[in-house]
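Please read the structure below before turning to the comments.
The values are calculated or read from the model by the stated rules, or taken from the named source; none is laboratory data. Bear in mind the structure is a predicted one, so any value in this text is a computation, not a measurement. Cβ placement follows ideal geometry from the backbone for every residue including glycine, while neighbour counts extend to all protein chains displayed. All accessible areas refer to the heavy atoms of the entire protein, side chains included, with ligands and DNA or RNA removed. Shrake-Rupley method; radii C 1.70, N 1.55, O 1.52, S 1.80 Å.
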Amino acid sequence: PVDRDSVVARLRAELAAGEAPAEVMLMGQALEAGPGGRRSITVSAPIGPSGGPGERKVTMPLPTAEDIQALIVKRAELKARIEKPQDAAQILEKYLTEQFLGKASDHVAMIAAWGPKSIPDSEGEFAEVAALMSMQLRAFKAALTSGKEDFQFEVSRPGDGRECLVMPPSNFALLGLKDTFKMLLQGFRVLAIVQPRFFLHFREVQKGLSECGLPEGMFEVLPGITPEADPAVLHEALKHVHRLQFTGSSAMFKSLVAKAYELGNLRLEHGGEVSGLNKVRLDGVSVSHPAVAAGSAWAAMANNGELCTSASLIEFDPATGDSPQAVKAALEGHAFKLGTDPTDTGLDVLLKEGKSSQLEVKTEIPAEGFREWWEKTILAVPAGSPPNLRTNQSLGHCIFAPSIAQALEAGVKEDASCVYCVGVPEDTSAPSARAGTTGCQLPESVFGGMKTYTYAVAGDHDGVGSVQTLLSTVKRRGPSWRDQEEVYAEYELTETAEDLLEFLSPSDQKPFAKQLASVLEVFSAFQPEVSYPYDGQPLVGGEGRSKLLTMAALKPARKNLLIPRGVGLPDDIIKIALLCEMSPLREVPVDLHVLGAMQAGKLRVTDPLKSFIRVVEKRLGWKPHYHADYEQLTAAVKAAEYPPYFFAVKDKHLLPVELLMAVAEQGGYLYEGLPADALSLFRWLTTTQAWTVACTEGAVGEAAEALRKAWSEAGLREVPHPAPELVQPSARADIGGGFSPTGFGDDKDWADLSDDDSSDSDDGGSAASSTPSTSAGDAGSKASKSAP
């Protein structure tokens, strides 16, 4: 709990009238305006001590492109790094405990002052960031412990010795701290370029990390996200960093990635949290219901409508008699408290300069078109009418229905990252839960999930609070002598999996069958469960708060695969097919892109690729796409319905820049290679969608059962795999130093899979084939894995 009296006292001190310089440090040296062409900027507090114009002014120098270049060179020369993973855990735990949680009132006040935000909103931002940092640290420490005790997992620091640029959003400063914390755990040297009005807060963060023992050069913070800054400063950083971690608008994110590519940084890794077009849907209930009206209004106006989950659209059900005018009257008649005094702890929304003073409900699409408003604004339309917004463009989505079951049945079919379901009672005077397009909390829930924008739960492991993100610093250990002693799980392969395994060379079949079993054990370990009930928004028509129950449902990543001209059939693509076939999830079809398959107007694909395509197309439902060249592939990517996530790509920096640009523009990503450990494979090939039910205390049991039923019916594969058999290895009996007979032949007989040497098709499709029935031999019938 935060001491609100302390918050108010610090808030008043932050906003007090006055003018002073701010010290900007770079590798221990203070920057000064003037030398090297540095400019200075003066920023005013965004609000006064009791509302109105800001009275405090702060002046600071802005860095130059030469400063950025010198910083990156010096950090590389010094080889700035945290030497040992346990040192990173100790430093960051000390910061979290002493400098962040121990100074909670100061951080909340800084958020409220420079956001600006109401104190309750500031407390919410602080709590979310604290939860995220705590979960990241717990996963990291658990990996350290496992590496010393049971030897099943170990720490992974993919950023060790590399550079990361962190950029916070203009409305949620400390998401930049969350990103910094995560990147430091991964080993990156972090450069945070922030908005000048957030600089004082980040400077305190920098000092706190230094006091906790963070080595020099591991975290530098500079003001620079402002129109007054030289664009060359940001460009210089984008040109050299290995990773971009960004939070903000999707348009800005995509433009930053494109600029990095233009500057030649073609191997840039990027991830983050961005906004979406979010909507509220009324299914069989009227907006006149008090809970529906309150939840929908809050979805549009929370945090001044500047949340990345803020609703831009409400689709009402005309069968209930509702109209755009009825929606407007119900939502604009809300009872939320708006005001301008930042020290008023009872405010729901802190109004600030340049923002509207009231909620606005539009009853028709404006001339400039439908868009993400970033205001207390929402458009009301009947269901099925333009703009026909699909939730593959949504981060948050809320459904109000007459029952929890009806709301959830509709919700799990949607693509939004966070789905809220509310069953409202027919009696409008009875106590009712409410929700909107935001409100689920960490650690019970997850949030976000895209590389460059949050249009659909299509994939990637950079969601906020998801298991895929929290385990980014953990990996499963590799093969070890312990495998000869530990109990392992043995899975029965399906007939299709056996046939797919035959496409690998004999020497690779048994090792990958074991790795496949290891991946299945990871799936088993992270099967989602319903959270304990936790508090949501206040009840409508009753005392207390709505109860939220969340299931962080695993979803398969929407996978794209690329086979360039003349490559043949890559082993990694065979392995992905096996992983899809044996996945416990309800998989979605893979898009397989084959280049150069058209010759003289006909499709010609030879074995083994031809037979492989027939198997995955007929039995796994994969969608082959044949492109004459990269230009055609780029056009297909630009027309993709979902963000194109390409897996097992080789040398992405050698691909045409036009293709890289198209993938970034569509919000996709190109993953190079395939991880070697089971945990990383799980992370890469899955994502998380949060299903949250808002209900009354008395309906908690009903909500939990509805979530479990939805997971069973919509999340898991229709025919489950048999339970694995646990096997105790026999004692080792090495002969001749452990050598054993091994087959080295790579010849494969494709006669059982195909009787043609090539496919001839005038319409560009692949010919049908009979179902193969070959056996995968010793490795085929069962996959085995040492149990963690």
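At a probe radius of 1.4 Å, what is the per-residue accessible area of residue 598, in Å² to the nearest 10?
70 Å²
Report the label-to-label distance for residue 714 and residue 625 in nanometres (one decimal), using points 7 Å from each Cα along the Cα→Cβ vector.
Calculated label separation equals 2.6 nm.
Beyond a 22 Å Cα-Cα separation, which of these cross-linked pairs lie in this structure: 547/709; 207/355; 74/141; 141/650; 79/475; 254/555? Write out the running numbers ahead of the final one.
Details: 547/709 19 Å; 207/355 33 Å; 74/141 30 Å; 141/650 33 Å; 79/475 25 Å; 254/555 25 Å.
Violating the 22 Å Cα-Cα cut-off are 207/355; 74/141; 141/650; 79/475; 254/555.
Excluding same-chain residues fewer than 8 positions from residue 259, which lysines have a Cα within less than 19 Å of its Cα?
239, 451, 638, 652
For residue 713, tell me the accessible area in Å² from a 1.4 Å probe, rounded to the nearest 10.
Probe radius 1.4 Å; accessible area of residue 713 about 100 Å².
Would you give the gap between the C-alpha center of the range 594-628 and the C-alpha center of the range 130-199, rounded to a whole Å?
Going from one Cα centre to the other spans 42 Å.
Given 0.36 nm per residue, what is the gain on full extension from residue 207 to residue 13 after removing their alpha carbon distance, in nm?
Details: separation 194, 0.36 × 194 = 69.84 nm, distance 1.96 nm.
Length difference between fully extended and current span is 67.9 nm.
What percentage of the solvent-accessible surface of the chain, computed with a 1.4 Å probe over protein heavy atoms, is contributed by carbon and sulfur atoms?
Numbers: 15200 of 30830 Å².
For the chain, the apolar C and S fraction of the accessible surface comes to 49 percent.
Per residue, what accessible area does the range 1-61 have, given a 1.4 Å probe and all protein chains present, in Å²? List each step's numbers first, then the result.
Working: 3240 Å² over 61 residues.
I get 53 Å² per residue for the range 1-61.
Taking only Cα atoms of the range 250-381, what ratio of Rg to Rh do you get with Rh as the Kirkwood inverse-distance radius?
Numbers: Rg = 17.9 Å, Rh = 16.5 Å.
My calculation puts Rg/Rh at 1.09.
On average, how much accessible surface per residue is there in the range 257-301, in Å², for a 1.4 Å probe, leaving out ligands, DNA and RNA?
Details: 1030 Å² over 45 residues.
Heavy-atom accessible area per residue stands at 23 Å².
Which whole-Hz ³J(HN,Hα) couplings does the range 40-56 yield from phi under the Karplus relation 6.51 cos²θ - 1.76 cosθ + 1.60, θ = phi - 60°, glycine and proline marked x?
10, 9, 10, 10, 9, 4, x, 7, x, x, 10, x, x, x, x, 10, 9
What is the extension gain from residue 79 to residue 730, computed as 0.36 nm multiplied by their sequence separation minus the C-alpha to C-alpha distance, in nm to one decimal? Could you put the intermediate results ahead of the total?
Numbers: separation 651, 0.36 × 651 = 234.36 nm, distance 4.74 nm.
The residue 79-residue 730 span can extend by a further 229.6 nm.
Given 4 °C and 1.567 mPa s, compute D for the chain with the Stokes-Einstein relation, Rh being the Kirkwood radius over Cα pairs; round to the nearest whole µm²/s. Please list the in-between numbers first.
Values: Rh = 28.1 Å.
Value of D from the Cα-based Kirkwood radius: 46 µm²/s.
Can you compute the radius of gyration and Dmax for the range 6-156, using only the Cα atoms, both in Å?
Reported Rg and Dmax, both Å: 20.2, 59.
Expressed as an acute angle from 0 to 90° and rounded to the nearest 10, what is the orientation of the C-alpha long axis of helix 290-301 relative to the principal long axis of the chain?
Computed tilt is about 90 degrees.
For residue 593, list long-range residues whose amide hydrogen, built 1.01 Å from N in the peptide plane, is under 5 Å from its own amide hydrogen.
Correct list: 561, 562, 563, 625.
How high is the FRET efficiency from residue 323 to residue 353, r the C-beta distance, R0 35 Å, rounded to 0.05?
Values: r = 35 Å, r/R0 = 0.99.
Result of the calculation: an efficiency of 0.50.
Could you do me a favour and compute the accessible area per residue for the range 340-444, 1.4 Å probe, result in Å²?
Working: 4130 Å² over 105 residues.
So the range 340-444 comes to 39 Å² accessible per residue, rounded to a whole number.
Would you kindly derive the ³J(HN,Hα) couplings of the range 608-614 from the backbone phi angles with the Karplus curve 6.51 cos²θ - 1.76 cosθ + 1.60 (θ = phi - 60°), listing them in order in whole Hz, with x for Gly and Pro?
My calculation for the range 608-614 gives x, 4, 4, 5, 4, 4, 4 Hz in order.
The range 394-413 to the range 73-99: how many Å between their Cα centroids?
Measuring centre to centre over Cα atoms gives 44 Å.
What FRET efficiency comes out for residue 632 versus residue 266 if R0 is 22 angstrom and r is the Cβ-Cβ distance? Round to the nearest 0.05.
Working: r = 21 Å, r/R0 = 0.95.
Step by step, r from the Cβ atoms, then E = 0.55.
Could you give the length gained on full extension between residue 508 and residue 492, defined as 0.36 nm per residue of separation minus the Cα-Cα distance, in nm? Present the calculation step by step, with values, prior to reporting the outcome.
On the way: separation 16, 0.36 × 16 = 5.76 nm, distance 1.80 nm.
Computed gain between residue 508 and residue 492 is 4.0 nm.
List, in order, the whole-Hz ³J(HN,Hα) value for each residue of the range 82-98 obtained from phi through the Karplus relation with A = 6.51, B = -1.76, C = 1.60 and θ = phi - 60°; use x for Gly and Pro.
Along the range 82-98, the couplings run 8, 4, 10, x, 5, 5, 4, 4, 5, 5, 6, 5, 5, 5, 4, 6, 8 Hz.
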